[in-house]
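Participant: First the structure, then my questions, so here it is.
The values are calculated or read from the model by the stated rules, or taken from the named source; none is laboratory data. For clarity, every value in this text was computed on a predicted model and none was experimentally measured. Note that each Cβ is placed from the backbone with ideal geometry, even for glycine, and that neighbours are counted across all protein chains shown.
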């Protein structure tokens, strides 16, 4: 499993909590829905980052006889919860914005702008801290989307504040909130879709099953392949099981074929946990015989 560093996540959490408090105070004093919606998003972010941090620590627990794959999917569950929270928060923002369209309140633009600028700077810092880690884990990706959504939201609040300051068009505040909610929904759907694919044990999005089959068939000694299954245990741990048809031959030669298949799968597709069952046709009887391939210690190092 790719190593995920906790420090960027912790630093981002402290930044988010600090700005959240500032935005709640500023939103109440300025009567800005955009600012309060951003503060609400910050509160969800703080919860999301805490959940992601906890999931990372849980996922590092070793496998047991009761949890033979370990606790890696704690990160997947955390990502699902975070993505769902984003969708719920966006729906609440849409509702509040709709309520304000009929009677837009007077918004104190100078205070709204000041707090939003501080929020934008803090959110950009969070995005920078998580930009590398989010590629390693769908759990971190969900947290990253929370923070990135906040950065875009803060930018929207700033634009709305400038429009209100210049034109007095108070609906700009509600429009900015709706745009923020839309961006949140888009990011959340990306995360939840990926999480559901993992939970349904679908083929990872960056892997083509057809390409994998073609690669295995191209390896000398492999006559055919069937009953293939490809899935992800968590973001960075891909697994495969399959039946290989080979010639009736010495066990040592069969082991070489297995090693070649595993090597290509790991190198080309980052499939680092492979279970193969070997089947061969006995030339004298024409009967199919099975040889069960037992996983090596190398396979278990990734679980």
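Participant: State yes or no: is residue 218 over 29 Å from the mean Cα position of the chain (by Cα), surrounded by fewer than 16 Cβ atoms within 10 Å (Cβ to Cβ) and free of Cβ contacts under 8 Å to residues at least 12 places away in the same chain?
Facilitator: In short, yes.
Participant: Would the stretch 163-170 turn up any residue that is on the phi < 0 side of the Ramachandran plot, in a helix (DSSP H, G or I) and in contact (Cβ under 8 Å) with a residue 24 or more places away in the chain?
Facilitator: yes
Participant: For residue 202, state whether it is within 21 Å of the chain's Cα centre (by Cα) and in contact (Cβ under 8 Å) with a residue 40 or more places away in the chain.
Facilitator: The answer is no for residue 202.
Participant: So residue 205 fits all but one of (1) part of a loop (DSSP other than H, G, I, E, B); (2) surrounded by 15 or more Cβ atoms within 10 Å (Cβ to Cβ); what number is the exception?
Facilitator: All conditions are met except number (2).
Participant: Another question, then. Would you confirm, using the coordinates I've provided, whether residue 180 is part of a helix (DSSP H, G or I) and over 32 Å from the mean Cα position of the chain (by Cα)?
Facilitator: Judged against the criteria, residue 180 is not a match.
Participant: Go through (1) at pLDDT below 75; (2) under 23 Å from residue 235 (Cα atoms) and name the single condition residue 37 misses.
Facilitator: Just one mismatch for residue 37, condition (2).
Participant: Can you tell me which of 63, 109 is touching a residue at least 40 places away in the same chain (Cβ under 8 Å) and more than 27 Å from residue 25 (Cβ to Cβ)?
Facilitator: 63
Participant: Taking residue 185, is it surrounded by fewer than 20 Cβ atoms within 10 Å (Cβ to Cβ) and in the same structural domain as residue 142 (by TED's automatic domain parsing)?
Facilitator: yes
Participant: Looking at the stretch 1-24 only, could you name the residues that are out of contact with any helix residue (DSSP H, G or I) (no Cβ under 8 Å at 6 or more places or on another chain) and at pLDDT 80 or above?
Facilitator: The answer is 14, 21.
Participant: Please verify whether residue 39 is under 16 Å from residue 9 (Cα atoms), part of a helix (DSSP H, G or I) and in the same structural domain as residue 192 (by TED's automatic domain parsing), treating the condition exactly as stated.
Facilitator: Answer is no for this residue.
Participant: Yes or no: the stretch 36-44 includes at least one residue that is out of contact with any strand residue (DSSP E or B) (no Cβ under 8 Å at 6 or more places or on another chain), over 15 Å from residue 116 (Cα atoms) and in contact (Cβ under 8 Å) with a residue 24 or more places away in the chain.
Facilitator: yes
The rows are residues; the columns are (1) crowded, with 17+ Cβ neighbours inside 10 Å; (2) without any contact (Cβ under 8 Å) to a residue 12 or more places away in the chain.
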residue: 92; (1), (2): no, no
residue: 95; (1), (2): no, yes
residue: 118; (1), (2): no, no
residue: 123; (1), (2): yes, no
residue: 146; (1), (2): yes, no
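Participant: Please give the number of the condition residue 230 fails out of (1) buried (at least 18 other Cβ atoms within 10 Å of the Cβ); (2) under 29 Å from the mean Cα position of the chain (by Cα); (3) not in a strand (DSSP E or B).
Facilitator: Status for residue 230: all satisfied but (3).
Participant: Within the group 135, 100, which residue is at pLDDT below 80 and touching a helix residue (DSSP H, G or I) at 6+ places or on another chain (Cβ under 6 Å)?
Facilitator: It is 100.
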